[in-house]
1. Select from the stretch 108-121 the residues that are surrounded by 15 or more Cβ atoms within 10 Å (Cβ to Cβ) and either at pLDDT below 95 or assigned to a strand (DSSP E or B) (or both) and list them in ascending order.
2. Which of (1) without any contact (Cβ under 8 Å) to a residue 60 or more places away in the chain; (2) at positive phi does residue 11 not meet, given it meets every other one?
3. So how many residues does the stretch 40-58 have that are within 12 Å of residue 12 (Cβ to Cβ) and loosely packed, with under 13 Cβ neighbours inside 10 Å?
4. For the stretch 10-31, which residues satisfy the criterion of being touching a helix residue (DSSP H, G or I) at 6+ places or on another chain (Cβ under 8 Å) and surrounded by fewer than 19 Cβ atoms within 10 Å (Cβ to Cβ)?
5. Checking the structure you have, find out if any residue of the stretch 52-71 is free of Cβ contacts under 8 Å to residues at least 60 places away in the same chain and in contact with a helix residue (DSSP H, G or I) (Cβ under 7 Å, 6 or more places away or on another chain).
6. I'd like to verify a number: residues in the stretch 103-114 that are out of contact with any helix residue (DSSP H, G or I) (no Cβ under 6 Å at 6 or more places or on another chain) and in contact (Cβ under 8 Å) with a residue 40 or more places away in the chain, how many?
């Protein structure tokens, strides 16, 4: 029996059995700058989203693991199990040459890019299973 890669836990989270990560299904409702995105994730830990307090911002490689090969019916390159509102998301990865930039993923185009930290994008929290 082949196990599905993504499992909707029906508590606002999705477990990825390939990477061993649990993702926030929706991510932030609003676009945030980098500092606000960090605070948002800290807030999830204080509220214990789905009963856990070890949420964090994903690395850029972890976010890239969600990019699908083809654009989905929801219009972006992410599995439709996830909400499609969060088309561009922050990662915790820093730009190697400039501290004013951080890495993120744009699911509208299916690629990663660096963003100015005062820019506003969504954040989707993750935790290790």
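1. 110, 112, 114, 115, 121
2. Exception for residue 11: condition (2).
3. Of all residues in the stretch 40-58, those within 12 Å of residue 12 (Cβ to Cβ) come to 44, 47-52, 55.
In the following step, the residues that additionally are loosely packed, with under 13 Cβ neighbours inside 10 Å were identified as 47-48, 51.
Qualifying residue count, the stretch 40-58: 3.
4. Listed by number, the residues that qualify are 11, 12, 19, 21.
5. The first filter runs over the stretch 52-71 and keeps only residues free of Cβ contacts under 8 Å to residues at least 60 places away in the same chain, leaving 53, 59-61, 64-71.
Remaining after also requiring in contact with a helix residue (DSSP H, G or I) (Cβ under 7 Å, 6 or more places away or on another chain): 53.
Within the stretch 52-71, one or more residues are free of Cβ contacts under 8 Å to residues at least 60 places away in the same chain and in contact with a helix residue (DSSP H, G or I) (Cβ under 7 Å, 6 or more places away or on another chain).
6. Taking the stretch 103-114 as the starting set, the residues that turn out to be out of contact with any helix residue (DSSP H, G or I) (no Cβ under 6 Å at 6 or more places or on another chain) are 104, 106-111, 113-114.
After this cut, where a residue has to be in contact (Cβ under 8 Å) with a residue 40 or more places away in the chain as well, the list is 104, 107, 110-111.
The qualifying residues number 4.
The values are calculated or read from the model by the stated rules, or taken from the named source; none is laboratory data. Because the structure is predicted, anything quoted here is derived from the model rather than measured. Methodologically, a virtual Cβ is constructed for each residue, glycine included, from the backbone with ideal geometry; neighbour enumeration extends over all protein chains shown.
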